[in-house]
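For reference, the structure is listed below as structure tokens.
The values are calculated or read from the model by the stated rules, or taken from the named source; none is laboratory data. Quick caveat: nothing in here was measured; it's all calculated off a predicted structure. Cβ coordinates were reconstructed from backbone atoms using ideal geometry, including for glycine residues, and neighbour counts include every protein chain displayed.
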Amino acid sequence: MSPAEIEARDAICRAALSLFDRGLTAGSSGNVSVRLDDGWLITPTNSSLGRLDPARLSRLDASGRHVSGDPPSKEVFLHEAMYAERPRSRAIVHLHSTYAAAVSCMDGLDCDSCIPPLTPYFAMKIGRLPLVPYHRPGDRRLAEAIRARACRHCAVLLANHGPVVAGASLEAAVNAAEELEETAKLFLLLRAVPTRVLGDADLAELDATFGPAGADG
């Protein structure tokens, strides 16, 4: 096992524990993956992000075939779909975090941008957040629905489910997932309050100053 893979295993477990300890995932929900040069690692199926063993993480080859460790998350195809469309992404975080999941259950959302750009930080880390129509857990058609949006967006919100966020590094993906959750919380808090969102000129200025929106950099 290469030093890079050993470090990636440890990093996944540290990040997952941090997410769990801060209430961003509960029970055995959520999954985290990191892309390696010759495949990728993902948290195992039915595992708590608060109790991971680096040695038991699922190891997949470049074609997505399980080669070692515990069986991979049953949502592994969500990660495969994102990686296929985002070659610069090196990590993916999928959560059932409370506020983002709550937004995903709301009716009447803008399917192209289901959480508005309330803050510049959301705009810089996430950009537009499309809503992926509901599919039952394990439905492989969800992969194609994600792929159709992942080519243009670093994050998607799965209806009645939760967010999937890709990043140029594990740290970037985690930070973006956290920003998404905090903005979902703001969105719900402001539902009955007249709210100013960032306009096109504001977003253009952010793009010109910091580069295009998105966690992939």
Handout entry: Flag if Ser18 is among the hydroxyl-bearing types (Ser, Thr, Tyr) and under 27 Å from Ile115 (Cα atoms)
Key = yes
Of the candidates Leu190, Leu170, the one satisfying the condition of being at pLDDT 95 or above, within 26 Å of Ile12 (Cβ to Cβ) and of a type outside the set (D, E, K, R) is Leu170
Here the residues within segment 98-110 that are assigned to a helix (DSSP H, G or I) and among the small types (Gly, Ala, Ser) are Ala100, Ala101, Ala102, Ser104
- If you check His66 against the conditions, is it over 19 Å from Gly162 (Cα atoms) and modelled with pLDDT of 95 or more? yes
- Does segment 164-175 contain at least one residue that is more than 26 Å from Ser18 (Cβ to Cβ) and either touching a residue at least 60 places away in the same chain (Cβ under 8 Å) or in a loop (DSSP other than H, G, I, E, B) (or both)? no
Exactly one of Ser48, Ser89, Ser68 is under 22 Å from Leu142 (Cβ atoms) and not acidic (Asp, Glu), and that residue is Ser89
| Arg88: within 24 Å of Cys151 (Cβ to Cβ) and of a type outside the set (Ser, Thr, Tyr), yes or no? | yes
Counting only residues in segment 90-117 that are hydroxyl-bearing (Ser, Thr, Tyr) and over 11 Å from the mean Cα position of the chain (by Cα), the one surrounded by the most Cβ atoms within 10 Å (Cβ to Cβ) is identified as Ser104
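Using the structure shown, decide if Glu181 is in a helix (DSSP H, G or I), loosely packed, with under 14 Cβ neighbours inside 10 Å and in contact (Cβ under 8 Å) with a residue 60 or more places away in the chain.
Spelling it out, it is not the case that Glu181 is in a helix (DSSP H, G or I), loosely packed, with under 14 Cβ neighbours inside 10 Å and in contact (Cβ under 8 Å) with a residue 60 or more places away in the chain.
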*Do we find a residue being at pLDDT 95 or above, within 17 Å of Ala166 (Cα to Cα) and basic (Lys, Arg) anywhere in segment 44-62?*
no
Filtering segment 118-155 down to residues that are in contact (Cβ under 8 Å) with a residue 40 or more places away in the chain, surrounded by 14 or more Cβ atoms within 10 Å (Cβ to Cβ) and not aliphatic (A, V, I, L, M) yields Thr119, Pro120, Tyr121, Phe122, Lys125, Gly127, Arg128, Arg147, His153, Cys154
By residue number, the members of segment 1-36 that are of a type in the set (Lys, Arg) and part of a helix (DSSP H, G or I) are Arg9, Arg14
When every residue in segment 81-97 that is in a loop (DSSP other than H, G, I, E, B) and in contact with a helix residue (DSSP H, G or I) (Cβ under 8 Å, 6 or more places away or on another chain) is compared, the one nearest to Ala15 (Cα to Cα) is Leu95
